[in-house]
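Just below is one structure, and these are the notes that go with it.
The values are calculated or read from the model by the stated rules, or taken from the named source; none is laboratory data. The shown structure was predicted, so the numbers you read here are calculated from the model rather than taken from an experiment. Methodologically, a virtual Cβ is constructed for each residue, glycine included, from the backbone with ideal geometry; neighbour enumeration extends over all protein chains shown. Each accessible area value is taken on the protein alone, full model and side chains, heavy atoms only, with ligands, DNA and RNA left out. Shrake-Rupley method; radii C 1.70, N 1.55, O 1.52, S 1.80 Å.
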Amino acid sequence: GINAEYGIPEEFSSLLPSKPGFNHKFAEPAPENSLLNLQTKCGKALIESIKNKDEVEMMMASLEPLPDGSIDGRDLDSQFPEAKLEVVIQTILRVGCKSISHLSVALNRFRELLLQVMPNQDAKVCCLRVTFNFFETNHQLMCIMIEKYLNFQLIEPSCIVSWIFSPDMLPHFNRLYLWQMLESTICYCIKRCDRIKLELEKSKAKLKEKKEQEAVAADPDIAEKRKALTQAAEEEVGHYVKLLEDAELSQKEVFLIVVQRFIMILTDHIVRSEQESRYTQTLWFRCTRDRLRQTLVKHRREVKRYMVTLQTLLFTPEVEPKILECFTQFKGYIA
């Protein structure tokens with residue numbers, strides 16, 4: 001037979017991607033006295049609270065029956081209310097999944113609520129995991145959500161990179177959508193630094209103009225007013241200098257984490273392959289190593305600034321030659 005929707009033979013239907021959709025965990029009835037059942041009830045209470053336009057405190061109160069801490073009792077260094085977080089993320093995504101603009105409105109409206117259930121990095125990585133499960137068959141929207149989380153400053157770039165390279169994502173590691181999310185995160189860091197640099201230059205030009213106006217003021221009252229304007233301009237410059245320092249530090253951290261995780265995952269593959277007497281340079285290995293090369297070359301302007309750190313901390317002589325070769329070739333490329 002022929003698949004009517006795609007016009008291909010039925011025997012090839014298994015090769016088709018899943019239809020884009022949403023995986024709402026609390027849509028179906030759950031066993032009585034289970035955590036899932038309690039989460040389902042709290043999710044319904046949260047929806048009612050949202051409909052009533054309650055304050056954040058009231059929304060959090062609807063989640064009180066849920067336990068704090070991790071769902072499966074894992075001993076995390078920094079605990080967070082995982083069961084509550086899962087209900088909040090699933091509910092907000094369910095409210096906003098009608099369109100991209102609905103998602104933006106939902107994230108903006110419930111930003112304070114999200115920040116309350118995401119107090120640390122572990123919680124933010126968990127948020128990404130829950131979001132990915134919700135958009136399990138809609139990877140395009142997942143890529144958009146990564147950008148939304150960054151733009152609304154809900155999740156830091158370093159958290160996203162840690163999640164992408166986490167064991168949970170290994171089955172998806174060579175999927176195009178994963179590299180799109182990684183690229184979006186790196187580009188966000190670069191654009192943020194460029195944007196702040198531009199604002200800093202404007203502030204410096206403004207400060208220079210205010211100083212010149214202050215210097216030529218003859219009237220004492222006018223001179224006093226211009227002095228106050230100069231001080232305000234100096235404070236603005238200081239503000240942007242601090243923002244730029246923080247943004248550049250975050251960018252450096254992201255690049256170092258990306259390279260470190262690439263080295264770790266490639267090294268682990270080589271070690272396991274040699275232990276099991278398997279061929280090392282599989283398609284997976286070559287694709288992953290080429291992604292590392294691509295990241296270095298594409299963002300060479302930024303990577304050049306971290307060459308000493310990369311060579312001192314990451315691409316040391318102890319690194320596997322097959323991986324170290326990437327850095328050696330990159331050094332030759334930018335020389």
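Quick one: is residue 89 aliphatic (A, V, I, L, M), modelled with pLDDT of 90 or more and closer than 30 Å to residue 147 by Cβ? Judged against the criteria, residue 89 is a match. When each of 182, 170 is tested for being aliphatic (A, V, I, L, M) and open to solvent by 50 Å² or more (accessible area, probe 1.4 Å), the lone residue that passes is 170. The set of residues in the range 257-276 that are open to solvent by less than 50 Å² (accessible area, probe 1.4 Å), under 30 Å from residue 151 (Cβ atoms) and either in contact with a Phe, Trp or Tyr (Cβ under 7 Å, 6 or more places away or on another chain) or of a type in the set (Phe, Trp, Tyr) (or both) comprises 262, 265. Examine the range 23-46 for a residue that is part of a loop (DSSP other than H, G, I, E, B), open to solvent by 60 Å² or more (accessible area, probe 1.4 Å), free of Cβ contacts under 8 Å to residues at least 24 places away in the same chain and touching a helix residue (DSSP H, G or I) at 6+ places or on another chain (Cβ under 7 Å), and state whether such a residue exists. Yes; the residues of the range 23-46 include at least one that is part of a loop (DSSP other than H, G, I, E, B), open to solvent by 60 Å² or more (accessible area, probe 1.4 Å), free of Cβ contacts under 8 Å to residues at least 24 places away in the same chain and touching a helix residue (DSSP H, G or I) at 6+ places or on another chain (Cβ under 7 Å). Checking the structure you have, find out if any residue of the range 212-227 is among the small types (Gly, Ala, Ser) and surrounded by 18 or more Cβ atoms within 10 Å (Cβ to Cβ). Checked against the condition, which is being among the small types (Gly, Ala, Ser) and surrounded by 18 or more Cβ atoms within 10 Å (Cβ to Cβ), the range 212-227 yields no hits at all. Taking residues in the range 148-176 that are in contact (Cβ under 8 Å) with a residue 24 or more places away in the chain, and partners anywhere that are assigned to a loop (DSSP other than H, G, I, E, B) and among the small types (Gly, Ala, Ser), not one pair has Cβ atoms closer than 7 Å while being at least 6 places apart or on different chains.
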